[in-house]
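Trainee: What follows is a structure written as structure tokens; I'll ask about it next.
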Amino acid sequence: MTVTAALAPGFTDVYQTNIAGLGIRFTFNSTDCGISNQVLANGSTRLNCPFTGPLGGPATPLNLTVTSTLIVTGTISPGASNLSTIPAIGLTFRTSDGGSSSWGKSPIYSGSATGTLTHATCSVSQADIRVPLATADTRAFAGGAGTVFAPTPFSLTFACSAGAKVPVTLTDNVNPANRSNTLQITADSSATGVGIQVLNGAGPVSFGADSATPGNANQWLIVDSPNGQRQVPLIARYISTGPVTAGTVKALATFTMSYQ
């Protein structure tokens, strides 16, 4: 087995991928060959496997597994990095009787790869945020459905490193399928005909699935190449959805960040 890729700095058995700071190690196991956790070091390794039978005879099966392990070898850039190549492993059969015969075979790994490495770039300073809205009189909603009241500022606070875009998706915890811009109130709320909106600088935020997938429905950018602490100012407010009756109002939302 041979690899022509460069070794990762400081390693004898880890090879560079196309992502700076991310390497890969290859480990071989075979009960047929009596091999356990043999690594491909310094560009090559030999697996001694006994075969019997005439040359050119019928094929003999060999049970061999190769485990690829990604290894952090240095600083990985923040955000999302696309894995596109790993080292190709060349395969050559040789006789063990001292002769010079050898047979090259197709590589075990072609060298192509797919995947996305996401390096988290933000930590949340306060995960559980409670936003108490002012007490509202039902008469405040005399204008009918769509009437808003009691805008209350709050903010999300993050500590971020530079180098990535960080979109976020807000999700209605009561009704995760909700894609409107009004949170459904909880079952233990006693008021009716009212919901809660969350506003960013562009207006009411529409809700999406709890997913970090880039391009998730209703995902919006909160930070572009941040560095240090960052506050995202938001506003919560009541909105009438129909005839309003008095009672308690409670809504729940979660947020999911995506590093791109």
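Trainee: Quick one: pull the percent of accessible area on the stretch 6-74 belonging to carbon and sulfur, 1.4 Å probe, ligands and nucleic acids left out.
Mentor: Working: 2170 of 4040 Å².
Roughly 54 percent, rounded to a whole number.
Trainee: Using a Gaussian network model on the chain with a 10 Å cutoff between Cα atoms, which of SER77, SER155, SER36 fluctuates the most?
Mentor: SER36
Trainee: Explain nothing, just the number: relative contact order of the chain, from Cα pairs under 8 Å at least 6 residues apart, as a whole percent.
Mentor: 18 percent
Trainee: Then there is this: Expressed as a fraction of 2.2 N^0.38 Å, the rule-of-thumb size for a compact globular protein of N residues, what is the C-alpha radius of gyration of the stretch 109-167?
Mentor: Expressed relative to 2.2 N^0.38 Å, the Cα Rg reads 2.10.
Trainee: Something else: What is the set of long-range amide H partners of LEU234 at a cut-off below 5 Å, with H atoms built 1.01 Å from backbone N?
Mentor: Here PHE154, SER155, LEU156 satisfy the definition.
Trainee: Please give the residues of the stretch 135-172, grouped as numeric ranges, whose backbone N is less than 13 Å from a label point set 7 Å along the Cα-to-Cβ vector of SER123.
Mentor: Residues 158-161 fall inside that zone.
Trainee: Quick one: pull the percent of accessible area on the stretch 94-184 belonging to carbon and sulfur, 1.4 Å probe, ligands and nucleic acids left out. Don't skip to the end; give the middle numbers.
Mentor: Numbers: 2730 of 5460 Å².
After summing per-atom areas, the C and S share lands at 50 percent.
Trainee: Could I get the Rg over Rh figure for the stretch 151-233? Both from C-alpha atoms, Rh via Kirkwood, rounded to two places.
Mentor: 1.01
Trainee: Here are labelled values, (1) 65, 20, 16; (2) 27, 20, 18; (3) 61, 20, 13, and one is the computed semi-axes √(5λ) of the Cα gyration tensor in Å for what I pasted. Which one?
Mentor: Given (1) 65, 20, 16; (2) 27, 20, 18; (3) 61, 20, 13, the structure-derived one carries the label (3).
Trainee: Enumerate by residue number the chymotrypsin sites (Phe, Trp or Tyr not before Pro) in the stretch 3-61 meeting two conditions: DSSP loop (anything except H, G, I, E, B), and at most 16 other Cβ atoms within 10 Å of the site's Cβ.
Mentor: In loop regions of the stretch 3-61 (DSSP not H, G, I, E or B), the sparsely surrounded chymotrypsin sites (Phe, Trp or Tyr not before Pro) are PHE11, PHE51.
Trainee: For the chain, modelled as a Gaussian network with Cα springs under 10 Å, which listed residue fluctuates most, SER84, SER101, SER180?
Mentor: SER101
Trainee: If you count only protein heavy atoms with a 1.4 Å probe, what accessible area per residue comes out for the chain, rounded to a whole Å²?
Mentor: Using a 1.4 Å probe on heavy atoms only, each residue of the chain averages 55 Å².
Trainee: The chain: longest stretch without exposed trypsin sites (Lys or Arg not before Pro) (DSSP loop, at most 16 other Cβ within 10 Å), sites themselves excluded?
Mentor: After excluding every exposed loop site, the longest remaining stretch is 47-129.
Trainee: Something else: Tally Lys and Arg at +1 and Asp and Glu at -1 over the other residues with C-beta under 13 Å from the C-beta of PRO132: what net charge comes out?
Mentor: After counting each charged neighbour, the total is +3.
The values are calculated or read from the model by the stated rules, or taken from the named source; none is laboratory data. Here the structure is a predicted model, which means the values were calculated and not measured. Cβ atoms come from the backbone with ideal geometry, glycine included; neighbour counts cover every protein chain shown. When the accessible area is computed, the model is the full protein with side chains, heavy atoms only, and any ligands, DNA or RNA have been set aside. Shrake-Rupley method; radii C 1.70, N 1.55, O 1.52, S 1.80 Å.
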